[in-house]
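First the structure, in the form of structure tokens, and then the observations on it.
The values are calculated or read from the model by the stated rules, or taken from the named source; none is laboratory data. Values in this document were obtained by computation on a predicted structure and should not be read as measured data. FYI the Cβ positions are ideal-geometry reconstructions off the backbone, even for glycines, and counts take in every protein chain you see.
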Amino acid sequence: MYMKVSREDVVRIPPERLGEDIDELAKELARSSFEGKISGDKTLTLLTSNIERVDEGRIVHGDGAVYQKIKYDAIVFQPQLQEVVDGTVVEILKFGAFVRFGPLDGLLHISQVMDDRVDVDEENQRLIGKDTKRELRKNDKVRARIVAVSLNERAPIESKIGLTMRQPGLGKFEWLEEEETKAPKKRKRRR
């Protein structure tokens, strides 16, 4: 889930950069300090904007750097348990597929792809249902539900997010279209 939030934080301005424009420096350091990082509230900060200094900075004895309080707006991403996401298959491996949704990838284990036994064709980058003959390939568009979230604060790209497509309304977009055309049309009641 994407959100826009307002935050306050502190940036460290190194002593060797103190002659530069303090406002521009605070903006640059805020972007490099917060963008692409997971914060304490378990959100991945994608973009910072409207960065402003709050009051005067403080110099810490023995450090020489200025610790500047700032306020800013941020666009953040936070994967929620049970959230339904649309994504693209980016890799097929012997144990499943990686699906990119937003800025992160989630694992769609072979047991969670479909209600069918699944064969893996790693060479041709596809997963195949034994009975249905449905295929899941790299670059396919899918709809999945998040079933597990473990964010890695040090390396967000290595976060572990589990996905499933074994539910009505989930799966490869082509499969969803097929099921929609097969479903009987409900007649409208007249009153």
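Can you go through Glu20, Glu16 and tell me which one is assigned to a loop (DSSP other than H, G, I, E, B), at pLDDT below 95 and farther than 30 Å from Leu107 by Cα? Working first, answer last.
Details: Glu16 fails: assigned to a loop (DSSP other than H, G, I, E, B).
It is Glu20.
Report, by residue number, each residue of the stretch 71-94 that is buried (at least 17 other Cβ atoms within 10 Å of the Cβ) and more than 23 Å from Phe173 (Cβ to Cβ). First the steps, then the outcome.
Initial filter on the stretch 71-94 (buried (at least 17 other Cβ atoms within 10 Å of the Cβ)): 72, 74, 76-79, 85, 87, 89, 92.
Tyr72, Ala74, Val76, Gln78 - these are the residues of the stretch 71-94 that are buried (at least 17 other Cβ atoms within 10 Å of the Cβ) and more than 23 Å from Phe173 (Cβ to Cβ).
Of all residues in the stretch 125-155, which are part of a loop (DSSP other than H, G, I, E, B) and without any contact (Cβ under 8 Å) to a residue 12 or more places away in the chain? Show your work before the answer.
First pass over the stretch 125-155, keeping only residues part of a loop (DSSP other than H, G, I, E, B): 125, 130-134, 138-140, 151-155.
Result: Lys133, Arg154, Ala155.
Hey, among the residues in the stretch 30-71 that are among the basic types (Lys, Arg) and not in a strand (DSSP E or B), which one's farthest from Gly102 (Cα to Cα)?
Residues of the stretch 30-71 that are among the basic types (Lys, Arg), as a first pass: 31, 37, 42, 53, 58, 69, 71.
Applying the additional criterion that residues be not in a strand (DSSP E or B) yields 31, 37, 42.
On the way: Arg31: 19, Lys37: 15, Lys42: 16 Å.
Top of the filtered list is Arg31.
Residue by residue through the stretch 121-134, note down the ones that are surrounded by fewer than 17 Cβ atoms within 10 Å (Cβ to Cβ) and over 26 Å from the mean Cα position of the chain (by Cα). Steps first, answer last, please.
Applying the first criterion (surrounded by fewer than 17 Cβ atoms within 10 Å (Cβ to Cβ)) to the stretch 121-134 yields 121-125, 130-133.
Correct list: Asp121, Glu123, Asn124, Lys130, Asp131, Thr132, Lys133.
Just checking, which of Leu93, Leu104, Leu47 is in contact (Cβ under 8 Å) with a residue 12 or more places away in the chain, assigned by TED's automatic domain parsing to the domain that holds Ile146 and over 16 Å from Leu136 (Cβ atoms)? It would help to see each step written out before you state the result.
Details: Leu93 fails: over 16 Å from Leu136 (Cβ atoms); Leu47 fails: assigned by TED's automatic domain parsing to the domain that holds Ile146.
Step by step, each of Leu93, Leu104, Leu47 is checked, and only Leu104 is in contact (Cβ under 8 Å) with a residue 12 or more places away in the chain, assigned by TED's automatic domain parsing to the domain that holds Ile146 and over 16 Å from Leu136 (Cβ atoms).
Answer yes or no: is there a residue in the stretch 103-117 that is closer than 17 Å to Glu177 by Cα and surrounded by 13 or more Cβ atoms within 10 Å (Cβ to Cβ).
Yes, the conditions are met somewhere in the stretch 103-117.
Surrounded by fewer than 12 Cβ atoms within 10 Å (Cβ to Cβ) and under 17 Å from Val149 (Cβ atoms), is that true of Leu44? Spell out the reasoning first.
Details: surrounded by fewer than 12 Cβ atoms within 10 Å (Cβ to Cβ): no; under 17 Å from Val149 (Cβ atoms): yes.
No, not satisfied.
Every residue, every condition in (1) among the hydrophobic types (A, V, I, L, M, F, W, C); (2) modelled with pLDDT of 90 or more; (3) more than 18 Å from Trp175 (Cβ to Cβ), yes or no:
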| site | (1), (2), (3) |
| --- | --- |
| Leu107 | yes, yes, yes |
| Glu123 | no, no, yes |
| Lys130 | no, yes, no |
| Arg145 | no, yes, no |
| Ala148 | yes, yes, yes |
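Just give me the residues in the stretch 72-112 being touching a Gly at 6+ places or on another chain (Cβ under 6 Å) and not in a strand (DSSP E or B), in sequence order.
Within the stretch 72-112, Ile110 is the sole residue that qualifies.
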